[in-house]
Amino acid sequence: MPELEELLRGAVVTILATSDDSGTPHAVRKAHITYEDGKLLVPERLESGKTNSNLVHSLWFGRKAALLLLLGDGTSFAVQATPLRVHITGPLFERFYRQAPVAAVWELAPEGVREETAAVRAKEEAAAHPLLLHLDSIAKGATA
Amino acid sequence: MSERTRKELLLQYPGVSPFAILKADMQRRAITYTPAALALVDPAIHQVEYVGYNIDKKDLAIPCSLLLRDGSTVMAAPFPGKANPYVIDALDGKPAIFDGGEYVEAAEYWYKPAYYSKTTSSGKPMWQVISARPQRLDVNPYNFCHFWDNGKGCKFCAIAANYHKHKHEKELALDPRDIAETVAEAIKQPGRFANILLTGGSITRGETPFDAEVENYITILKAIGEAFAAPRFPSQLIATAFNEAQLERLRNETGLMSYTADLEVLNEEKFNWICPGKAEWIGYKEWKRRLVAAVGVFGRGYVNSGIVGGVELAQPHGFASEAEALDVTLTEAESLAEQGVSVVNCVWNTLPGSVFHNQTVPSLEYYVRLAKGLQDLRVKYNLNIDMDNYRRCGNHPDSDLAR
């Protein structure tokens, strides 16, 4: 997924969304997410934090997480990802820890990238669902 | 309870971590390594154990233990005579766990810490001074339990047998300076360690019983504390149930942050049978009272008690049914939890050299229900178990559920 690596490099804001066992979502801004060997590596600073807990339970019970990447040019992209493994010790963990103290490094498997830029999505949805609009928006003299 | 399989229990307890269930089963059934799995072991990288204590006996290196994908530690080892162990084999060049020939999960061998290749100024290899878990330094400063002096050690415990087996190559007590130097060296490795555990056998001597044990721990903790800028450091002492004056000394004179005194079995009658030394020197009710007193010294969430879950079913004097054993254990655990003392479970392993080496361990479902029951009590009483969690200890399926 080479485009994901490029998108991560260009992202000015990255948001990670997870959910708990009751389905309650939790979204936070995350920095320093990288893409290596086909996997997303997500450093997590807070061991007792909600994101870490949600990722643990997502690994246990087969739930997915979502990433939203906002780029400097105003475009945005969403990535669904499945937690595969957490590093709490070992060479990879220590590599991240040396850069900044972390509690864990998560390996997530990305499952496709979808552009979420508003104009692009509106165009896609209009093509797929031409009935889903208000009539005044296509009346003579309407401003687009 | 009927003997349900791990797969059946995953369906029956969908809210319990499948990793914790696997771990409990691996601990009760033990593991074995195939030659292909052992070929993946690199003693230069991995933390290994040799058959025999002496480093010169390098005839067979086996991994110390395993890590799972969720960061859980599985403290499991090969035990001769276990009929149906999980098999650790190689799959695509990596260790993997198999059950009955079927793939179960990926596994990872523990990594050797940097200090393992160093020696203290006295010339002692540091790996012999302090052993490591993935994130914990394990200090065992005293390798004999004096409850065995009159043969009254705990019946599930093999410390006396191990001591006599290795006493010609492993000393009774560690030198505090060796310990301090090893800790100072170990914590140079960034991110490698998050906790220090001290535990050893009970030392009954002293003006007040166990004063000698307390004094030994204070000496060692003070020496360890020299390595830290902060007055307190993440640490756990698993020791005898000390009286208030002894607990106050530990708290006030050292950087110790948490305290554990293992009741082992949560029923007075079974305790008296299984842990006769603890019963003789302190007694069940007094042990419990001292645990609660320790909460006043160390605080809620900083005191707990370990049990050897399943040992209450040992025969001929244990409970006759798993249902009764579970009910009694969780009821008693609740009485402790409501007073601020958490209970954590170690899966009973019928250790060679222990009195109970020929006993049969309970069903996996017993351990699943026990783990869930203990964690539910922590939630009910708002008890934090950071001190003994998956990372700082890793030997309790119940505290794995606290994540």
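The values are calculated or read from the model by the stated rules, or taken from the named source; none is laboratory data. Just so you know, these numbers come straight off a predicted model, no measurement behind them. Neighbour counts are summed over all protein chains in view; Cβ atoms, including those assigned to glycine, are modelled from backbone coordinates with ideal geometry. All accessible areas refer to the heavy atoms of the entire protein, side chains included, with ligands and DNA or RNA removed. Shrake-Rupley method; radii C 1.70, N 1.55, O 1.52, S 1.80 Å.
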Handout entry: Members of region B:337-377 found to be without any contact (Cβ under 8 Å) to a residue 12 or more places away in the chain and in a helix (DSSP H, G or I), listed by number
Key = B:ASP376
Completion exercise
Among residues of region A:74-108 being without any contact (Cβ under 8 Å) to a residue 40 or more places away in the chain and more than 21 Å from B:ALA132 (Cα to Cα), the residue most open to solvent (accessible area, probe 1.4 Å) is A:GLN80
Practice task
Name, by its number, the condition in (1) touching a strand residue (DSSP E or B) at 6+ places or on another chain (Cβ under 9 Å); (2) part of a loop (DSSP other than H, G, I, E, B) that does not hold for A:PHE96.
Solution key: (2)
Practice task
With respect to B:PRO190, determine if the residue is open to solvent by 40 Å² or more (accessible area, probe 1.4 Å) and closer than 21 Å to B:ALA114 by Cβ.
Solution key: yes
Fill in the blank from the handout: If we keep only residues of region B:1-47 that are of a type in the set (S, T, N, Q) and buried (at least 16 other Cβ atoms within 10 Å of the Cβ), then the residue farthest from the other protein chains (Cβ to nearest Cβ) is B:THR32
Practice task
Could you tell me whether any residue of region B:378-395 is among the hydroxyl-bearing types (Ser, Thr, Tyr), assigned to a loop (DSSP other than H, G, I, E, B) and buried (at least 24 other Cβ atoms within 10 Å of the Cβ)?
Solution key: yes
Problem - Qualifying positions in region A:41-71 - touching a strand residue (DSSP E or B) at 6+ places or on another chain (Cβ under 9 Å) and of a type in the set (S, T, N, Q) - result: A:THR51, A:ASN52, A:SER53, A:ASN54, A:SER58
Fill in the blank from the handout: Those residues of region B:77-136 which are of a type in the set (D, E, K, R), part of a strand (DSSP E or B) and crowded, with 16+ Cβ neighbours inside 10 Å amount to B:ASP89, B:ASP99, B:GLU105, B:GLU108, B:ARG136
Handout entry: Among residues of region A:45-61, those that are surrounded by fewer than 20 Cβ atoms within 10 Å (Cβ to Cβ) and over 18 Å from B:PHE19 (Cα atoms), counted
Key = 6
Practice task
Enumerate the pairs (first residue in region B:218-242 and in the same structural domain as B:GLN135 (by TED's automatic domain parsing); second residue anywhere and among the charged types (D, E, K, R) and outside any helix (DSSP H, G or I)) with beta-carbon separation below 8 Å, excluding pairs fewer than 6 apart on the same chain, so at least 6 apart or on different chains.
Solution key: B:PRO234/B:ARG392; B:GLN236/B:ARG392; B:ILE238/B:ASP262
Exercise for the section: Please tell me if A:VAL86 is assigned to a strand (DSSP E or B), more than 10 Å from every other protein chain (Cβ to nearest Cβ) and under 17 Å from A:THR18 (Cβ atoms). Expected result: no
Exercise for the section: Determine which member of the set A:ARG121, A:ARG114 is in a strand (DSSP E or B) and either surrounded by 14 or more Cβ atoms within 10 Å (Cβ to Cβ) or away from chain B (no Cβ under 14 Å) (or both). Expected result: A:ARG114
